[in-house]
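The block underneath contains the structure these notes are about, expressed in structure tokens.
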């Protein structure tokens, strides 16, 4: 829409746009600005808090609240588990995602449509549908966590570390993204290698994989952010557990906040809570700021063709 | 001749490769994703506390009947649809206008896009907790300020209207970034020739918007509405962390959670899940119609 000459309407609209985008942008960033500034306050200053808190002075000790997150109980093991889990899921999801996408894009066999449709069915299932059914299956899983062969007697996979790595090895959405990218690459790239007798797996991972880097980045980002923020899954599946130290960080942060709140009826240490929240929100924002382009590709990739 | 044979054997080899991987994947997927839903359908006709199989009692359609008779449960559906509808309405309208502003010849477009998108990447739960500390009636930030100014505190979380307002506010705040980017993608994909033709015909900005941009965005709009309707059906964190146990803002997801994990009424929880499943299937079929997902 670069036309060089600005129309009359633009003369009014452009300044208005700046104003609205800047004001709205401030609203978008407000919780981050507020929780950062709020964490610098002392407990006494909090009682005179304003919409935009300004600390009464600046000293190194005032930044201590920002580090409270890392002093929480089990925080390091929890972060470690979250990273391990992300790494594991990144590996299996990318492996199966690229493999499945290749199979559905490049290999023709009877029943392909039916199988693809069967996988896609689950793609659109929101958590509201699957939460309870999968809980029941995992809690009554036979011969696991004290259960007998009929799934009775114990608590199955609930609360066991295994549940953190067992479901969700691949998603139909990834097949769909990879398949689309292979169509977009087009051509007969793999063919010559196949004639040369390279195995199928080798064709996929040495020839296609490097070309699929953008879509792999999209998958990776989704997994990193999703696992860091994951709250409902650990809350449901790890609530009662013998391994409280490995509850993923998305839920552990609430245990840390609860500790800062102290017992009911006492006045919570609000500046500490702001600091914990701010630090917990920071990692996904940093990942996003570093990899913006891939985020936007990822968002538009799965949508309609413009 | 020889090469044709080779290609055919190569193809057979590939098909074997495909099934060799697909069969274990299908088994895993069936167990993890499909079987639980089948169980839920069966359990929705029973009364069960979720522990011993010999205590499962067959009750026919009683759960489904109660779901609409029980005031609290039908209220959850009403709340979900009301708040979900409002969330979608405000997210779509506001995002559309912001995207339009970003399409104007402004500098810092990338910067604004980044800023508006940041809420999308942070944890809904942490943001909800933060908002709760803000509006907490006893010692939250807003009331501390109000009291400091000598005004009466507002019972934000105890008034049904305010409670709904804050839940809708957080969800719109969090959902706009992604929707803006989708609208921007749709707007940039409008063929330039259409605008040029309009320019030649001397249309003004308003006419351009109504007659060129909007019709071209129809498909994208359908996609946005369908995907966000899936999202609002499972809204949970803001309700759990802000509304706590107040019936005035209870939603389906919270109801399922409560029935299953607090009241140990797995039958009713399953019936609610299955009812939402039926809704979701309808929306999904619609989704296949409008998106790029072609089989």
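Summary table below
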read-out: Chain A: relative contact order as a whole-number percent, Cα under 8 Å and 6+ apart; value: 27 percent
read-out: Isotropically averaged projected area of the protein assembly as shown, using the convex hull of Cα atoms (one quarter of hull area), nm²; value: 33.4 nm²
read-out: For A:220, A:177, order by how many other beta-carbon atoms lie within 10 Å, fewest first; value: A:220, A:177
read-out: Radius ratio Rg over Rh of the stretch A:1-110, counting only Cα atoms, Kirkwood formula for Rh; value: 1.25
read-out: R0 of 22 Å, Cβ-Cβ distance residue B:147-residue A:19: FRET efficiency to nearest 0.05; value: 0.10
read-out: Distance in nm between pseudo-label sites at residue A:258 and residue B:78 (7 Å out along the Cβ direction from Cα); value: 3.3 nm
read-out: Approximate spin-label separation residue A:143-residue B:262, in nm, with each point projected 7 Å along Cα-to-Cβ; value: 3.8 nm
read-out: Förster radius 35 Å - calculated FRET efficiency between residue B:58 and residue A:217 (Cβ-Cβ, nearest 0.05); value: 0.10
read-out: Contact order normalised by residue count of chain B, Cα under 8 Å, 6+ apart, percent; value: 30 percent
read-out: Convex hull of the stretch B:124-198 built on C-alpha atoms - directionally averaged projected area, nm²; value: 8.0 nm²
read-out: Distribution of pairwise C-alpha distances over the stretch B:120-253, 10 Å bins, in %; value: 11, 29, 23, 17, 14, 6, 0
read-out: Helical contribution to [θ] at 222 nm, DSSP H n ≥ 4, -39,500 (n - 2.57), averaged over chain A, rounded to 500; value: -19500 deg cm²/dmol
read-out: Cut-off 19 Å, label 7 Å out along Cα→Cβ of residue A:114, residues of the stretch B:6-41 by amide N; value: B:15-31, B:34-35
read-out: Rg and Dmax [Cα atoms of chain A; Å; Rg one decimal, Dmax integer]; value: 24.8, 77
read-out: Helical contribution to [θ] at 222 nm, DSSP H n ≥ 4, -39,500 (n - 2.57), averaged over chain B, rounded to 500; value: -22500 deg cm²/dmol
read-out: Burial ordering of B:90, A:36, A:150, fewest other beta-carbon atoms within 10 Å first; value: A:150, B:90, A:36
read-out: Cα→Cβ-extended label distance, 7 Å offset, between residue B:71 and residue A:161, nm; value: 5.0 nm
read-out: Candidates A:20, A:246, A:273: whichever shows maximal mean-square fluctuation once chain A is modelled as a Gaussian network with Cα springs under 10 Å; value: A:20
read-out: Taking B:211, A:227 and counting other C-beta atoms within 10 Å, the order from fewest to most; value: B:211, A:227
read-out: Other protein chain Cβ atoms within 10 Å, averaged over every residue that makes up A:200-206; value: 2
read-out: Two-site FRET efficiency, residue B:19 against residue A:206, from Cβ-Cβ distance with R₀ of 22 Å, rounded to 0.05; value: 0.50
read-out: Bins of 10 Å from zero: percent of alpha-carbon pairs in the stretch B:66-290; value: 7, 26, 29, 21, 12, 4, 0
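Each value in this text was obtained by applying a stated rule to the coordinates, not by laboratory testing. Source: prediction; values computed, not measured. Neighbour counts run over all protein chains shown; Cβ positions are idealised from the backbone, glycine included.
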